[in-house]
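*Asks:* Pasting a structure below so you can have a look.
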Amino acid sequence: MNRPYIFINIAMTADGKIDTFERKGSAISSKRDKERVDQLRAAADGILVGGRTLLEEQPRLTVKSEALREGRIQRGLSPNPVKVGVATVADIPLDSEFIKAGPARVVIFTTSQTSIKQLDSLRALGVEVFVEDVPRVDLNKMMITLKKIGVDHLMVEGGGRMNFELMRLGLVDELTLYVAPMIFGGANAPTLADGLGLTRAAAIELKLIEVEKWEDGGVFLRYKL
Ligand SMILES: NC(=O)c1ccc[n+]([C@@H]2O[C@H](COP(=O)([O-])OP(=O)(O)OC[C@H]3O[C@@H](n4cnc5c(N)ncnc54)[C@H](OP(=O)(O)O)[C@@H]3O)[C@@H](O)[C@H]2O)c1
């Protein structure tokens, strides 16, 4: 395959929300789920997030457990996977955790709508920036580039629009979900898959591979696409 193996991991509420209407990066995962996510990160070559998640959550996207980081080093890898951000206009604050937290290789895919000044500032901080003169980042092309730079196993951690677009383009192999026992509600709160949506005839079919009922009241689900 000329692209990485791609899997989405998301924590959502029982009503499918991945944040509240306030969009402040609400905590949804339980302690056990956070540990599972850390293991997934440690096993990935890269972790991708959409631009809005980058701006609203400022995620660190690093492996939290020292033992897991040590395990990566033992396997001849860097302590953290490559961090990948996608944004039409990459106005990510230069002091954000996405850029600073590491050590990690940081890669941003953007368009020429990002100012030259911002591109220069990102590069001066060691960020690898891929820029194209297009209205939106070409996600198919981006995946080929990621494979070329050594990302064979890519974890996607949202948000809703990025998840949807990747699934719509057939760029997702696997979906893992932690469904927390809570409801956020709100028509404008982000969900697992946002964007324009599909007709019933075009719905993306999933194959359920694993279901676990957890003692914290949550449910863990694994699907193949
Ligand atoms: N619970 C969880 O596990 C979890 C995980 C991650 C995020 N979240 C939440 O999700 C929310 C953010 O989700 P979101 O849907 O608003 O945004 P998002 O999916 O994080 O980001 C979409 C971004 O990708 C950019 N983009 C660039 N090229 C694109 C392309 N070809 N196709 C699609 N997008 C492209 C968009 O830019 P343009 O629109 O300018 O083109 C936009 O900035 C936040 O509230 C965050 O906290 C929750």
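The values are calculated or read from the model by the stated rules, or taken from the named source; none is laboratory data. Here the structure is a predicted model, which means the values were calculated and not measured. Quick reminder, even Gly has a Cβ in these numbers, built from the backbone with ideal geometry, and neighbours come from all protein chains shown. Note: areas computed on protein heavy atoms with side chains; ligands, DNA, RNA excluded. Shrake-Rupley method; radii C 1.70, N 1.55, O 1.52, S 1.80 Å.
*Asks:* How much net charge surrounds ILE8 when only other residues with a Cβ under 10 Å from its Cβ are counted (Lys, Arg +1; Asp, Glu -1)?
*Replies:* -3
*Asks:* How charged is the neighbourhood of LYS83? Take every other residue with its Cβ under 12 Å from the Cβ of LYS83, and add Lys/Arg as +1 and Asp/Glu as -1.
*Replies:* Here the count lands on 0.
*Asks:* Assuming R0 = 35 Å, can you tell me the calculated FRET efficiency for the pair LYS34 and ARG136, based on Cβ-Cβ distance, to the nearest 0.05?
*Replies:* Efficiency for this residue pair is about 0.65.
*Asks:* Can I ask one more? Take the alpha carbon atoms of the stretch 99-148, find their center, do the same for the stretch 25-48, and report the distance between the two centers in whole angstrom.
*Replies:* After rounding, the separation between the Cα centres reads 23 Å.
*Asks:* Now for a separate question. At 1.4 Å probe radius, can you tell me the per residue accessible area of the stretch 5-224 in Å²?
*Replies:* Accessible area per residue: 50 Å².
*Asks:* Within the stretch 145-169, whose backbone N sits under 20 Å from a point 7 Å along Cα→Cβ of MET1?
*Replies:* 145-159, 162-169
*Asks:* Of the beta bridges DSSP finds with both residues in the stretch 1-143, what % are antiparallel, to the nearest 5?
*Replies:* Beta bridges within the stretch 1-143, antiparallel portion: roughly 0 percent.
*Asks:* Largest first and in whole Å, give the semi-axes of the chain's equivalent ellipsoid, each being the square root of 5 times a Cα gyration tensor eigenvalue.
*Replies:* Each semi-axis is the square root of five times an eigenvalue, giving 26, 21, 18 Å.
*Asks:* Per the 1.4 Å probe, what fraction of the accessible area of the stretch 5-224, in percent, lies on carbon and sulfur atoms?
*Replies:* Exposed carbon and sulfur together represent 53 percent of the surface.
*Asks:* Determine the sum of side-chain charges near ALA193: Lys and Arg each +1, Asp and Glu each -1, restricted to other residues whose C-beta is under 10 angstrom from that of ALA193.
*Replies:* Neighbour charge sum, excluding ALA193 itself: 0.
*Asks:* Further question on the same structure: If amide H atoms are built 1.01 Å from N in the plane of the peptide, which residues on other chains or at least 5 residues away come under 5 Å of the amide H of VAL156?
*Replies:* PHE7, ILE8, ASN9, LEU48
*Asks:* Here is a follow-up. For the pair ILE144 and GLU205, what calculated FRET efficiency results from E = 1/(1 + (r/R0)^6), where r is the Cβ-Cβ distance and R0 = 22 Å, to the nearest 0.05?
*Replies:* Taking R0 as 22 Å, the efficiency between GLU205 and ILE144 is 0.30.
*Asks:* With a cut-off of at most 16 other beta carbons within 10 Å, and DSSP calling the residue loop, which trypsin sites (Lys or Arg not before Pro) in the stretch 102-172 qualify? Please list them.
*Replies:* Answer by residue number: ARG136.
*Asks:* Spelling out what I want: for every residue of the stretch 106-122, take phi, set θ = phi - 60°, compute 6.51 cos²θ - 1.76 cosθ + 1.60 (Karplus), and round to whole Hz; glycine and proline get x.
*Replies:* Per residue, the Karplus-derived 3J(HN,Hα) values read 10, 10, 10, 9, 8, 10, 6, 6, 6, 5, 4, 4, 5, 4, 5, 5, 5 Hz.
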